1. In nm, to one decimal, how far is the residue 280 label point from the residue 413 one, both placed 7 Å along Cα→Cβ?
2. What does the highest-first list of 449-462, 64-77 look like by mean Cβ count within 10 Å?
3. Mind jotting down a quarter of the surface of the convex hull over the alpha carbons of the stretch 47-154, in square nanometres, one decimal?
4. Could you tell me the center-to-center distance, by alpha carbons, between the stretch 107-184 and the stretch 392-427 in angstrom?
5. What translational diffusion coefficient, in µm²/s and rounded to a whole number, does the Stokes-Einstein relation yield for the stretch 302-424 at 10 °C and a viscosity of 1.306 mPa s, taking the hydrodynamic radius as the Kirkwood radius over Cα pairs?
6. What span do the alpha-carbon atoms of the stretch 262-338 cover on each of the three principal axes, reported in whole Å from largest to smallest?
7. Which of (1) 59, 57, 49; (2) 69, 45, 43; (3) 82, 54, 42 is the computed Cα extents along the principal axes in Å for the structure on display?
8. Can you check how the C-alpha radius of gyration of the stretch 352-468 compares to 2.2 N^0.38 Å, as a plain ratio?
């Protein structure tokens with residue numbers, strides 16, 4: 001972009017007649033004015049109005065732009081709205097536009113989607129285009145125009161795209177419009193897949209750490225169905241996962257977070273992952289209270305805001321946090337609270353006032369878009385009572401999943417995942433000794449696999465497996 005050849009900006013406008021009218025031409029006029037005021041010959045603005053789906057690629061072929069600016073409507077489900085032959089709405093899904101921009105990836109350097117709910121499209125397009133700007137919520141005309149003015153004013157002043165994005169957000173603030181957190185910048189580098197690196201060989205049986213890869217998680221089908229049913233409709237509902245130590249609570253939280261967005265090629269054959277409508281719209285935040293940093297209230301609040309993609313104020317106190325989340329959280333969001341008992345026992349800053357604010361967010365302030373799922377050794381009410389807390393936060397968990405053994409069918413599926421098949425006799429022995437508890441199944445399967453890989457045909461693995469099980473006898 002340092003060449004004497006002007007950078008071409010293609011302004012695409014679509015305002016279907018069956019949608020609420022937008023001030024698209026005001027936005028176009030303001031962009032033109034800013035480029036003219038700068039008297040910069042570096043940028044050449046081209047425009048196309050009332051854009052139909054079939055017009056997009058032709059316009060790019062004809063104009064050969066480096067920057068494409070779309071101004072129009074977006075849907076909360078992620079589609080951008082173009083026009084059909086009679087001027088009505090024709091929505092285009094994120095994967096379709098991403099596939100198109102992939103074909104122009106050597107030419108287009110930046111895409112600006114100045115439309116409501118365009119974050120989903122931006123993330124998809126950023127797989128192929130260096131810089132993409134999208135909106136994480138509905139955005140008003142005044143804010144959209146202010147962002148465009150600030151963005152192109154900075155570009156005309158020879159600032160980078162990253163800087164121009166920041167100037168666009170600041171312009172919204174300068175106009176006194178409380179929507180400066182809605183634009184987001186997404187870069188190809190962030191979404192760039194690693195090349196030339198072999199996938200790490202994964203252990204088929206995991207005993208020492210929580211299972212984070214959905215491919216290696218087995219069972220809990222009943223609990224998962226119930227939990228996802230609480231999250232697939234509005235309002236999102238809260239749940240508690242109760243179980244003994246090492247019963248698999250943390251692994252279940254990770255599975256909830258990861259399964260719906262894991263590519264099919266990284267799952268087992270026929271492993272179900274279509275648990276939520278539009279899973280790309282959901283945001284998941286995992287809070288581990290065994291992490292000492294979460295014991296500090298300001299650090300915890302900052303972490304949640306960062307995970308939501310919101311700017312963190314300084315100081316980040318509870319009042320600012322409540323204002324930011326209640327005003328800007330519009331996508332379904334699930335906060336997973338692991339080892340909450342540790343947080344209640346060890347974190348005095350997380351007092352009743354803190355928990356009451358979280359309850360208010362979940363029940364009154366986010367239009368049903370926020371849910372909490374916590375993992376604990378006992379019921380939330382009992383846990384609060386035992387730790388001296390009286391906040392009504394612990395009364396909002398209408399569904400509790402108590403983790404025990406897997407079903408026999410689930411246990412057999414786990415055993416059958418061994419890369420070296422076990423004999424029927426070994427399978428029955430493992431089922432009997434483990435009583436189908438997942439950790440104990442993992443321990444015995446791992447010991448059996450070690451021996452088979454070594455070519456040892458003895459039964460010594462059974463004694464070793466029973467010895468390894470002893471610290472977890474409380475599960476039986």
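No lab work stands behind these numbers, since they all come straight from the coordinates. Just so it is clear, the structure is predicted and the values come from calculations on it, not from any experiment. Quick reminder, even Gly has a Cβ in these numbers, built from the backbone with ideal geometry, and neighbours come from all protein chains shown.
1. 2.7
2. Those peptides, ordered most packed to least, come out 64-77, 449-462.
3. 6.5
4. 46
5. Translational diffusion coefficient: 93 µm²/s.
6. Principal-axis extents of the stretch 262-338 (Cα, largest first): 48, 29, 15 Å.
7. Here the calculated entry is (3).
8. So the Cα radius of gyration is 1.62 times the expected 2.2 N^0.38 Å.
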